[in-house]
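The values are calculated or read from the model by the stated rules, or taken from the named source; none is laboratory data. Not measured: the values here are computed from a predicted model. Ideal geometry is used to build each Cβ from the backbone, glycine not excepted, and the neighbour counts take in all protein chains shown.
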């Protein structure tokens with residue numbers, strides 16, 4: 001019969017890392033903003049949709065070469081996957097402390113705006129506008145309606 005310490009260690013080893021969960025959620029966010037299915041992302045990466053699911057949940061750790069491929073397919077810089085990471089997990093404040101204050105402050109969202117259904121639907125609709133000139137006019141219209149800071 002295994003000891004309690006061994007069972008606890010094994011349980012810890014099978015739990016996803018909070019950083020892996022965060023990176024996976026950023027993969028899911030970007031994929032969703034693009035209106036891309038897990039199947040399509042998997043095809044672009046040579047993976048099954050089940051593997052994509054595991055990456056998005058943080059169950060499977062994303063290696064450096066896979067992260068590079070994800071950034072290319074999802075058209076984001078690699079740093080995107082680490083944006084908005086809570087300080088407790090090594091976010092910007094913790095990074096600046098480790099680097100002696102030399103890391104530049106990055107602006108992040110204080111709320112959950114990017115995760116709202118309304119935001120996702122708006123972004124998807126915007127990117128479905130195929131005519132670049134029309135899309136630019138819609139963009140300009142939305143910016144003109146928003147209050148200026």
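Applying the set (1) at pLDDT below 90; (2) assigned to a loop (DSSP other than H, G, I, E, B); (3) in contact with a helix residue (DSSP H, G or I) (Cβ under 7 Å, 6 or more places away or on another chain) to residue 149 leaves exactly one unmet item: (3). Can you pull out the residues in the range 126-136 that are part of a helix (DSSP H, G or I) and either surrounded by 12 or more Cβ atoms within 10 Å (Cβ to Cβ) or at pLDDT below 85 (or both)? Within the range 126-136, 126, 127, 135 meet the criteria.
Of all residues in the range 44-60, none that is outside the structural domain of residue 14 (by TED's automatic domain parsing) and surrounded by fewer than 17 Cβ atoms within 10 Å (Cβ to Cβ) has its Cβ atom under 8 Å from the Cβ atom of a residue that is outside any helix (DSSP H, G or I) and at pLDDT 95 or above, 6 or more apart or on another chain.
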